[in-house]
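Participant: Before I ask anything, here is the structure I am working with.
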Amino acid sequence: MAIVGKPNVGKSTLLNTLLGVKVAPITPKPQTTRRGVRGIYTADDRQLVFVDTPGFHKGGGSALDRAMHREVRDALIDVNAVLWVVDLRHPPTEEDKSVARLLRSAQEEIPLIVVGNKVDAAKYPEEAMQLYRDLAPQAKRVLALSALNDPQAVYALRDDLMETLPEGPFYFPANIRSDQTREQWSSELIREAAMTHLREELPYSVAVQVVSWEDAEEGHPIVITAEIWVEKMGHRRMVIGKGGVMIREIGKMARKQLQIFLQEQVYLDLEVVVRASWRDDREALRELGYEP
Ligand SMILES: Nc1nc2c(ncn2[C@@H]2O[C@H](COP(=O)(O)OP(=O)(O)OP(=O)(O)O)[C@@H](O)[C@H]2O)c(=O)[nH]1
Ligand SMILES: [Mg+2]
């Protein structure tokens, strides 16, 4: 099942709630998700595989933007259903319309479900839902929910999706929740912390790569070393901050999250490095796992 929609509507929040565990980064800023992340939910003899995708956006035409668009298109191939997530607080924008166009051009026989999210914060949810419904007359179903504040509604959707699954083999082992390596997943948590703290253009020009991981040993923490990539020297100064305050804040938030999920003490070593124009460098994008 593919989860698609414009940036910032709550796709990754929906994925995490569907799974009951955090596999995808979430920030209040658009374009948080950069690669298609698979989240796997297994119950008894059934398995649902969701693909969270980057927000479908206009973008500046960088190699990163193109890779993000490709992730969305690829996610629409070979799926049993598409969940189109929209933000019910607002009427559709041009970006929603281009998602609707993309969905019309996808295979017609894939069932489409329109998920009206953020109903908890919407003033005119029914009116907004109608406008989105008009953009996708082919939709099999529309529903309003809050991925952030109403997990029960999300579980109900998950149960319904389970019922519609065709018979087939498991694609992943039953105990696997995501197709990311521990390095990828932890670099996403670090990037989430960085994007949360940084302002203006900066959140979009950082990337994170975990360069080493040492498992915990008797009385010692897990040691994770990661690089935060920026495009310019000036950006490096801002990510480090005056006297190192910014990088310390980022490290504190990331470490806290990592410790919660790993259930171990973590020593996090962050280094800020300049990788000029990494967003247009396909080799760099491959290193980051944003390109195949
Ligand atoms: N009020 C409200 N806020 C929500 C809800 N779901 C998500 N959000 C908030 O919306 C923001 C964006 O959430 P994400 O899950 O990162 O959105 P996304 O669609 O994955 O964004 P991109 O990856 O950038 O495309 C975050 O600040 C969430 O906390 C909801 O049901 N209600
Ligand atoms: Mg996302």
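Participant: For the structure I just gave you, tell me whether Lys11 is basic (Lys, Arg) and away from ligand 2 (no atom under 14 Å from the Cβ). Before the answer, list the steps.
Facilitator: On the way: basic (Lys, Arg): yes; away from ligand 2 (no atom under 14 Å from the Cβ): no.
Taking the combined requirement at face value, the residue does not satisfy it.
Participant: List the residue pairs whose Cβ atoms are under 6 Å apart, where the first residue sits in segment 49-62 and is under 13 Å from Arg34 (Cα atoms) and assigned to a loop (DSSP other than H, G, I, E, B), the second is within 11 Å of ligand 2 (Cβ to nearest atom) and of a type in the set (A, V, I, L, M), and the two are 6 or more positions apart or on different chains.
Facilitator: Partner pairs satisfying both residue conditions: Thr53/Val4; Pro54/Met68.
Participant: Only one of (1) hydrophobic (A, V, I, L, M, F, W, C); (2) in a helix (DSSP H, G or I); (3) under 17 Å from the mean Cα position of the chain (by Cα) fails for Leu83. Which number is that?
Facilitator: (2)
Participant: Touching a residue at least 12 places away in the same chain (Cβ under 8 Å) and on the phi < 0 side of the Ramachandran plot: does that describe Ile222? It would help to see each step written out before you state the result.
Facilitator: Details: touching a residue at least 12 places away in the same chain (Cβ under 8 Å): yes; on the phi < 0 side of the Ramachandran plot: yes.
The answer is yes for Ile222.
Participant: Among (1) out of contact with any Gly (no Cβ under 7 Å at 6 or more places or on another chain); (2) surrounded by 15 or more Cβ atoms within 10 Å (Cβ to Cβ), which single condition is Gln184 missing?
Facilitator: (1)
Participant: Here's another thing I want to ask about it. Inspect segment 39-48 for any residue being within 16 Å of ligand 2 (Cβ to nearest atom), closer than 26 Å to Ala156 by Cβ and either charged (D, E, K, R) or touching a residue at least 12 places away in the same chain (Cβ under 8 Å) (or both) and give the result as yes or no. Can you show your working first?
Facilitator: Initial filter on segment 39-48 (within 16 Å of ligand 2 (Cβ to nearest atom)): 39.
The next check asks that each one be closer than 26 Å to Ala156 by Cβ; those that pass are 39.
Remaining after also requiring either charged (D, E, K, R) or touching a residue at least 12 places away in the same chain (Cβ under 8 Å) (or both): 39.
Yes: one or more hits.
Participant: Considering only segment 14-38, state which residues are within 13 Å of ligand 2 (Cβ to nearest atom) and of a type in the set (Val, Ile, Thr).
Facilitator: Thr17, Val23, Ile26, Thr27, Thr32, Thr33, Val37
Participant: If you take the residues in segment 20-76 that are touching a Leu at 6+ places or on another chain (Cβ under 6 Å) and within 9 Å of ligand 1 (Cβ to nearest atom), which one is farthest from Ile190 (Cα to Cα)?
Facilitator: So the residue we want is Asp52.
Since every read-out is calculated from the coordinates, none of them should be taken as a lab result. Predicted model only: the values in this text are computed from it and were never measured. Heads up, the Cβs are rebuilt from the backbone with ideal geometry, glycines too, and the neighbour counts pull from every protein chain shown.
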